[in-house]
Each structure stands twice: as structure tokens, then as C-alpha cells.
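The values are calculated or read from the model by the stated rules, or taken from the named source; none is laboratory data. Remember, it's a predicted structure, so these values are computed and weren't measured experimentally. Cβ coordinates were reconstructed from backbone atoms using ideal geometry, including for glycine residues, and neighbour counts include every protein chain displayed.
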Ligand SMILES: Nc1ncnc2c1ncn2[C@@H]1O[C@H](COP(=O)(O)OP(=O)(O)O)[C@@H](O)[C@H]1O
Ligand SMILES: [Mg+2]
């Protein structure tokens, strides 16, 4: 199996047959990534024990760590990726999927009471991102990036302490981390987040539904118009549903800006950088080109 949806982690994904059952081995030999992969497996394991409507999580069977590598063994999910699924879905199925996402986040919200997160958590994160952007040679001399950072700094500094739900989140809930099997959706690639908030899952969902990030990463040709219509549709429903929450209305924008900046800080690919500059300029209401 060669996955069409490429992740960023550089982990190796292998499908193995063990006693007539198929498993996925996700492994890394990068010691800098060991802790992250172990934490990811723990988070996925915990989520696989919760019952969600239509949302499932592949069960983790083992996490093996040696001096050379970490290998996580989980259930193999026979599935389609989001592009294959969206290309073959009518609006009824898209509605079903959107509702499943809403149920999932609502369930997280039940376990995530609104708490006060000091604004420093966000401004410290922003300061760290700022330093990394300035150290990235592909960004440091770019005038548009400079304008983006300047405007973002104003947004981040204007934040008071944040009253947002804290407790549970997937951590990287883009469409590329959802495997589609009919009307069941399997979540993979969990990630520790700097604030464990369902709010950040909404930010990640909308990174795709509003900003179509995962399509940028997709390696084969697909029906862009159809995907655009479907994403816009999903986005309208998600945004409409969660707009009833004050924390969503107040913090979605600054947290989405921070989310894109966190991708920007490590970006090297020219196409990805132009995409990020365009989306960030849009969110910050800056002209597209200086
Ligand atoms: N449990 C699984 N069952 C089937 N395919 C999987 C499974 N886990 C991962 N994959 C495949 O590997 C791809 C990358 O997996 P992912 O965990 O998202 O890696 P990365 O951290 O690199 O993003 C997925 O898009 C999917 O195609
Ligand atoms: Mg992934």
C-alpha cells in the first residue's frame, strides 16, 4: 500500500498480515520524534475506548520502543481517503459526515469545561513561532511574511485571557487524518496540542473545510470544483453550528491565525509558502501582495 495522502511526520507506514488479521505499523527511527509518536499512540488508545456516533478510532495493539526506533501497531482500516470519499458522495453522505464531526466535537465538549487559559500561553507560543519564522531562510527576507507577522502580533497582543473549553482534543483533525469507510469515519494521527481544547479541533477541521489545506498535499488529479463545493458546504454547517458558543465566536480567528503561523514557521516548499501567505493575508485582511 502506498498512501495517496502524505503525512508530514516522515513516519513509515507498513501494512502487515498477522494471523490473518491486517495491522498497520507506524514507525520512526528519528529519536527527535520518539516521544511524539508514543504520546500519539497513548492518545489514540484512550480515544479508541470512547463510544462516538459514527466516529471510530483504530485500536492500538502495541507500542514498541528500542534505542533505534518506535513502532506502533494498530488495526488496519479498510478505507478511502477524503478525496475518494468526497468524489463519490452525494449531499446526503456529506451531511452524515458533517454531523458525525459535530457529534464528535460536542462529545469532546462534554468532557471539556470552559476554563480560563492565560493569554500568555498564546503570546508565548506566538513569540516562539516568530523566532522560528525569522530563522527560516525561506521566510526571513519576505516582505509579505513581515507584514503578516506584524499584523499577527497586534492580534495576539490584543488577546485577554481566553475562556475556552479545555479537556479533550484530537490535536490534528484535518481531513487527511480521517479514513472513510462508508458511513463510518476512522480518526488516526492524534497529536498532543499546546492547549487540549476541542476549539483546536474546530480550527483544524476548518483548516480543510474553509482553507482546503489537505488538498494542497494531495498527489493525484481530482475534481477541484466538486471538492470546493463540498468543502464550502461542510464549512458553512460547522461554522453555523458552533457559532452559538461565545468562545468560538471570540477565539476562532486568532487561533486559526496562530495555527497557520505554526505551519508557516517550518515551511520550505514554495507552493506551500505561497498558499500560507495567501490564507494568512486573507485572515488578517491584508492585501494579497505588497
Ligand atoms: N490504521 C490505518 N489503517 C489504514 N491506513 C492507515 C492507517 N493508519 C495510517 N494509514 C495510512 O497512512 C497514511 C498516513 O498515516 P498518518 O498516521 O496520518 O501519518 P502521518 O503522521 O505521516 O501524517 C494515512 O493517510 C493512511 O493512508
Ligand atoms: Mg497524518
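Just a few scattered comments:
- Test set (1) more than 27 Å from residue 159 (Cβ to Cβ); (2) loosely packed, with under 15 Cβ neighbours inside 10 Å - residue 227 fails condition number: (2)
- Residue within region 143-155 that is crowded, with 16+ Cβ neighbours inside 10 Å, in contact (Cβ under 8 Å) with a residue 24 or more places away in the chain and closer than 23 Å to residue 43 by Cα present: no
- Considering residues of region 153-190 that are farther than 20 Å from residue 49 by Cα and under 18 Å from the mean Cα position of the chain (by Cα) only, the residue farthest from ligand 2 (Cβ to nearest atom): 165
- Every residue from region 160-173 that is in a loop (DSSP other than H, G, I, E, B) and buried (at least 17 other Cβ atoms within 10 Å of the Cβ): 166, 168, 169, 170, 171, 172, 173
- Any chance residue 117 is more than 17 Å from residue 181 (Cβ to Cβ) and in contact (Cβ under 8 Å) with a residue 60 or more places away in the chain: yes
- Test: residue in region 181-193 that is within 17 Å of residue 247 (Cβ to Cβ) and within 16 Å of ligand 1 (Cβ to nearest atom): yes
- Residue in region 174-187 that is in a loop (DSSP other than H, G, I, E, B) and closer than 25 Å to residue 114 by Cα present: yes
- Among the numbered conditions (1) farther than 30 Å from residue 51 by Cβ; (2) more than 23 Å from the chain's Cα centre (by Cα); (3) part of a helix (DSSP H, G or I), the only one that residue 141 does not meet is (3).
- Here the condition is being within 16 Å of ligand 2 (Cβ to nearest atom) and either touching a residue at least 24 places away in the same chain (Cβ under 8 Å) or surrounded by fewer than 13 Cβ atoms within 10 Å (Cβ to Cβ) (or both); of 19, 10, it holds for 10 alone.
- The listed residue being closer than 30 Å to residue 237 by Cβ, within 16 Å of ligand 2 (Cβ to nearest atom) and not assigned by TED's automatic domain parsing to the domain that holds residue 178, out of 51, 39, 47: 47
- Qualifying positions in region 60-93 - under 21 Å from residue 175 (Cα atoms) and near ligand 1 (Cβ under 10 Å from one of its atoms): 60, 74, 75, 76, 77, 78, 79, 80, 81, 82
- Restricting attention to region 89-116 and to residues that are assigned to a loop (DSSP other than H, G, I, E, B) and in contact with a strand residue (DSSP E or B) (Cβ under 8 Å, 6 or more places away or on another chain), the residue that is surrounded by the most Cβ atoms within 10 Å (Cβ to Cβ) turns out to be 112.
Per-residue answers, yes or no, for (1) more than 16 Å from ligand 1 (Cβ to nearest atom); (2) within 27 Å of residue 114 (Cβ to Cβ); (3) in contact (Cβ under 8 Å) with a residue 12 or more places away in the chain; (4) not in a loop (DSSP other than H, G, I, E, B):
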position: 200; (1), (2), (3), (4): yes, yes, yes, yes
position: 214; (1), (2), (3), (4): no, no, yes, yes
position: 220; (1), (2), (3), (4): no, no, yes, no
position: 230; (1), (2), (3), (4): yes, no, yes, yes
position: 241; (1), (2), (3), (4): yes, yes, yes, yes
position: 244; (1), (2), (3), (4): yes, yes, no, no
position: 249; (1), (2), (3), (4): yes, yes, no, yes
position: 258; (1), (2), (3), (4): yes, yes, yes, yes
position: 266; (1), (2), (3), (4): no, no, yes, no
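- The listed residue being at pLDDT 95 or above and away from ligand 2 (no atom under 16 Å from the Cβ), out of 60, 94: 94
- Out of 40, 45, sole residue that is without any contact (Cβ under 8 Å) to a residue 24 or more places away in the chain, crowded, with 16+ Cβ neighbours inside 10 Å and either more than 9 Å from ligand 1 (Cβ to nearest atom) or not in a loop (DSSP other than H, G, I, E, B) (or both): 45
- Any hit, region 192-202, residues being over 21 Å from residue 99 (Cβ atoms), surrounded by fewer than 22 Cβ atoms within 10 Å (Cβ to Cβ) and within 16 Å of ligand 2 (Cβ to nearest atom): yes
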